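The values are calculated or read from the model by the stated rules, or taken from the named source; none is laboratory data. Everything numeric in this text was worked out from a predicted model, so none of it was measured. Here Cβ is always computed from backbone atoms with ideal geometry, including for glycine, and neighbour counts include all displayed protein chains. Only protein heavy atoms, including side chains, enter the accessible area calculation; ligands, DNA and RNA are left aside. Shrake-Rupley method; radii C 1.70, N 1.55, O 1.52, S 1.80 Å.
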Amino acid sequence: MSVYVSKRNESKTLFLENARKLSAHTLTYCLKSPKRLTFFLTKDICSLARKVYYEANIANNIVPENKIDAQNRKMHFQQALAACENMELPLTELKSRLELNPEENKEWKEYAFQEWGRLLSEEQRLLKSIMKSDAERFKTL
């Protein structure tokens with residue numbers, strides 16, 4: 001049975017799909033960046049994007065039965081959120097490095113950075129939302 005579009009709610013695990021999209025987008029566009037930046041910037045950016053996805057997935061797989069499990073779940077969500085927030089620094093550096101040579105890679109830069117911004121802000125919102133929901137749900141443990 002399907003649900004009317006107007007009555008649909010946001011999925012509780014949307015943060016996982018968004019984290020996967022962030023990781024895939026990051027890999028796609030880091031591979032398009034100049035190779036001279038690989039070891040200085042894009043490697044770190046890809047690593048942080050994967051960390052967001054891995055930590056969110058680990059946290060999602062923890063089903064709290066006691067306070068320790070709930071604390072572990074919260075810790076993994078916090079690590080995913082921290083990695084998400086830390087991605088902004090190397091992305092800013094990458095953007096400034098790419099702007100030094102404006103005729104190179106014009107066609108993908110604008111879209112890539114807009115999409116990174118959208119995905120990062122959405123992921124931060126979703127992670128904070130699930131952490132708030134967990135705090136309410138697991139406060140009786």
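Annotations
- Residue in region 97-113 that is in contact with a Phe, Trp or Tyr (Cβ under 8 Å, 6 or more places away or on another chain) and part of a helix (DSSP H, G or I) present: yes
- Some residue of region 120-139 being out of contact with any Lys or Arg (no Cβ under 7 Å at 6 or more places or on another chain), open to solvent by 100 Å² or more (accessible area, probe 1.4 Å), under 18 Å from Lys35 (Cβ atoms) and not basic (Lys, Arg): no
- Some residue of region 65-83 being at negative phi, out of contact with any Lys or Arg (no Cβ under 7 Å at 6 or more places or on another chain) and not in a helix (DSSP H, G or I): yes
- Residue in region 34-42 that is charged (D, E, K, R), part of a loop (DSSP other than H, G, I, E, B) and modelled with pLDDT under 95 present: no
- Qualifying positions in region 7-27 - in contact (Cβ under 8 Å) with a residue 60 or more places away in the chain and open to solvent by less than 70 Å² (accessible area, probe 1.4 Å): Leu14, Phe15, Asn18, Ala19, Leu22, His25, Thr26
- Contact map, region 127-141: first residue closer than 15 Å to Met75 by Cα and assigned to a helix (DSSP H, G or I), second residue open to solvent by 40 Å² or more (accessible area, probe 1.4 Å) and among the small types (Gly, Ala, Ser), Cβ cut-off under 9 Å, separation 6 or more or different chains; the map is empty.
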